[in-house]
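Novice: This is the structure, below, for whatever I ask next.
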């Protein structure tokens, strides 16, 4: 099962890839390339080193942003405009979510349970 998110982005449930690590690497490289195209190198690189609890994000804003990007799956220009309008922490959190939705979803639930860092 493959879900096309637009901007050419296709996310496959990791369990469906089985033991084929070559396919996983190829899929991962493709997703990474598409995320770089959508978010830019800086935001993508930041998403590789930051944890969600280090970001000042509203979990509901990340969820809403993800829905907007998905709804615009056939309009990469609009997707890019949505991302460009975000503050950097929300964009990084969305990049994390799109790269690994199952993991990020759990992190967003944890973030709702804790007060956000301010400052």
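Novice: Can you confirm whether segment 30-43 contains a residue that is surrounded by 11 or more Cβ atoms within 10 Å (Cβ to Cβ), on the phi > 0 side of the Ramachandran plot, modelled with pLDDT of 80 or more and not in a helix (DSSP H, G or I)?
Specialist: Yes - at least one qualifying residue is present in segment 30-43.
Novice: Residue by residue through segment 44-61, note down the ones that are outside any loop (DSSP other than H, G, I, E, B), in contact with a helix residue (DSSP H, G or I) (Cβ under 8 Å, 6 or more places away or on another chain) and at pLDDT below 90.
Specialist: Quick first cut of segment 44-61, residues outside any loop (DSSP other than H, G, I, E, B) only: 44-49, 52-54, 59-61.
If we keep only those that are in contact with a helix residue (DSSP H, G or I) (Cβ under 8 Å, 6 or more places away or on another chain) too, we end up with 44, 46-47, 52-53, 59, 61.
If the condition is that a residue be outside any loop (DSSP other than H, G, I, E, B), in contact with a helix residue (DSSP H, G or I) (Cβ under 8 Å, 6 or more places away or on another chain) and at pLDDT below 90, then 52, 53, 59, 61 are the ones that fit.
Novice: Which of the following residues is in contact with a helix residue (DSSP H, G or I) (Cβ under 8 Å, 6 or more places away or on another chain), in a helix (DSSP H, G or I) and either at pLDDT 80 or above or loosely packed, with under 12 Cβ neighbours inside 10 Å (or both): 81, 93, 64?
Specialist: From the options 81, 93, 64, the qualifying one is 93.
Novice: Moving to a separate point now. I'd like the full set of residues that are in contact (Cβ under 8 Å) with a residue 12 or more places away in the chain and more than 19 Å from residue 44 (Cβ to Cβ), limited to segment 74-101.
Specialist: Listed by number, the residues that qualify are 74, 75.
The values are calculated or read from the model by the stated rules, or taken from the named source; none is laboratory data. Just so it is clear, the model here is predicted, and its values are computed rather than measured. Cβ atoms come from the backbone with ideal geometry, glycine included; neighbour counts cover every protein chain shown.
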